[in-house]
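Visitor: This is the structure I have questions about; it appears just below.
None of the figures in this text is laboratory data; all of them are computed from the coordinates on show. All of these numbers come straight from a predicted model, not from anything done at the bench. We place every Cβ from the backbone using ideal geometry, glycine too, and count neighbours over all the protein chains shown.
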């Protein structure tokens with residue numbers, strides 16, 4: 001048999017005001033009044049603490065989401081700072097600059113025979129080797145001429161969410 005109590009008694013048991021009991025009834029319908037206007041004490045206490053636990057879980061989830069959001073904002077700021085320091089570059093920029101460097105190097109290497117042909121005419125083998133080695137070293141020196149300043153002028157369109165379809169590549173990679 002259910003033990004029925006008044007709103008005042010329920011408030012005393014739960015450690016809240018009678019007014020709060022009536023608010024909970026009106027807002028959440030956590031408590032069910034019996035026909036005589038009284039409350040089943042077991043059902044009401046159980047429902048009250050179940051709702052409190054759900055409230056705690058919801059608040060914990062909300063805090064966890066806020067923490068994840070703040071972490072993402074911090075990481076984004078760190079990436080933008082690395083980009084400003086020229087330590088991080090857009091993938092498309094790296095691809096463009098490396099392609100340019102490699103095409104220049106390829107053309108320089110392919111130009112070695114034409115450049116060296118007139119220089120090696122009527123030369124002996126050690127002199128020819130020296131001339132060819134010198135021309136190849138010049139081409140290799142051009143390839144080693146990496147300049148991070150080349151990335152400074154690269155601009156990208158960023159969408160309304162602050163993101164870009166290009167990939168960022170770290171200076172260390």
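Visitor: Would you please put 101-111, 40-50, 64-74 in order of how densely packed they are, using the mean number of other Cβ atoms within 10 angstrom per residue and starting with the highest?
Guide: Values: 101-111: 13.2, 40-50: 15.2, 64-74: 10.1.
Ranked by mean Cβ neighbours within 10 Å, highest first: 40-50, 101-111, 64-74.
Visitor: Then there is this: Do me a favour and compute the ellipsoid semi-axes for region 4-75 from its Cα gyration tensor, root of five times each eigenvalue, largest one first, whole Å. Before the final figure, lay out each step's value.
Guide: On the way: eigenvalues 255, 20, 19 Å².
Sorted largest first and rounded, they come to 36, 10, 10 Å.
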